[in-house]
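In what follows, a structure is listed as structure tokens, so that the remarks can point back to it.
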Amino acid sequence: MSLPKLFIITSLVLAAHAGAQTLPAPSTSGTMVIVPANGEVRHANDEATVTFAVEEFDKDKAAAAARVNRKMKEGTEIVRRADPKAELKTQGYYTYPVYPEPPVQPLPASRTPVKPVPSGWRVGQYLEVKTTSLAELPKTAAAAQKVLQINGINFGLAPATEKKLDDQRIAETYRNLNERIVSIARAMGRNPADAVIDTVDFEGSGNYGGRPEMQMMAAAPRMKTADDAMSEPSFEPGETTLQMRLVGKVKFK
């Protein structure tokens with residue numbers, strides 16, 4: 001190849017390379033960006049919901065019901081004296097027959113089955129106690145357990161605390177949205193000031209579950225009598241985490 005031709009080819013290659021280096025970056029003006037954001041706040045639980053129960057078994061249904069009524073009244077009075085500010089609600093009164101185990105023997109096909117007769121009756125009732133006096137809760141529970149038994153306990157946040165935390169959660173989530181917008185703008189080579197928030201969707205918040213409900217059991221262990229020694233139970237209230245998720249639509253000028 002002659003020297004003039006080699007010079008021409010080299011010039012064309014260099015010119016093409018230089019042109020590729022000077023191509024303008026794609027314009028992001030008017031770009032709509034979808035930005036997810038998250039927020040989280042934590043707080044020590046300051047409210048407890050305790051479910052107490054009483055259950056009696058007797059061959060006489062009326063006798064079983066009478067003992068349940070008496071113990072529930074006594075237990076309710078104990079809780080009211082121990083924690084005057086607590087919210088009390090009786091619920092779940094039940095009565096059902098208990099049948100003896102049937103004999104294990106085949107019956108002739110022609111014989112009519114005998115209708116079983118109850119050997120006794122099981123009667124019970126529940127008492128729900130909602131309180132913010134967590135420091136006194138072990139003493140209150142121990143006093144009530146002389147007559148009633150603890151069927152379940154759930155710790156959570158008082159309504160006023162939850163409202164306060166909800167304000168903080170919204171602020172934290174919105175702050176996270178602004179931080180992400182700044183990061184996205186810089187990654188796109190844009191000035192964060194050019195980003196305009198078009199829409200903020202809070203419907204994607206992630207705390208729809210509410211407080212877990214306690215499961216009530218029909219059967220209960222043997223109840224302690226008022227004469228039994230009762231030590232205070234130990235409780236660890238723990239903490240609650242509230243989370244929120246939002247989606248923002250951001251448009252660049």
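Annotations for the structure displayed:
- Meets criteria (part of a strand (DSSP E or B), within 30 Å of Pro159 (Cβ to Cβ) and modelled with pLDDT of 95 or more) for Val50: yes
- Of all residues in the stretch 216-245, none satisfies the criterion of being touching an Asp or Glu at 6+ places or on another chain (Cβ under 6 Å), hydrophobic (A, V, I, L, M, F, W, C) and at pLDDT 85 or above.
- Of everything in the stretch 53-91 that is touching a Ser or Thr at 6+ places or on another chain (Cβ under 9 Å) and assigned to a strand (DSSP E or B), the residue that is farthest from Thr140 (Cα to Cα) is Gln91.
- Ala82 being surrounded by 16 or more Cβ atoms within 10 Å (Cβ to Cβ), within 25 Å of Thr240 (Cα to Cα) and modelled with pLDDT of 95 or more: no
- If you check Gln125, Gln91, Gln105 for being assigned by TED's automatic domain parsing to the domain that holds Ala53 and modelled with pLDDT under 95, only one passes: Gln91.
- Applying the criterion of being within 25 Å of Val123 (Cα to Cα) and in contact with a helix residue (DSSP H, G or I) (Cβ under 8 Å, 6 or more places away or on another chain) to the residues of the stretch 142-169, the residue that is surrounded by the fewest Cβ atoms within 10 Å (Cβ to Cβ) is Ile150.
- The stretch 142-169: number of residues that are in contact (Cβ under 8 Å) with a residue 40 or more places away in the chain and outside any loop (DSSP other than H, G, I, E, B): 17
- The stretch 122-141, subset among the hydroxyl-bearing types (Ser, Thr, Tyr) and not in a helix (DSSP H, G or I), residue surrounded by the most Cβ atoms within 10 Å (Cβ to Cβ): Tyr126
- Filter pass, Asp194 being surrounded by fewer than 16 Cβ atoms within 10 Å (Cβ to Cβ), touching a Leu at 6+ places or on another chain (Cβ under 8 Å) and assigned by TED's automatic domain parsing to the domain that holds Val250: no
The values are calculated or read from the model by the stated rules, or taken from the named source; none is laboratory data. Since we're looking at a predicted model, the values are computed, not measured. Using ideal geometry, Cβ is built from the backbone for each residue, glycine included, and neighbour counts are taken over all protein chains shown.
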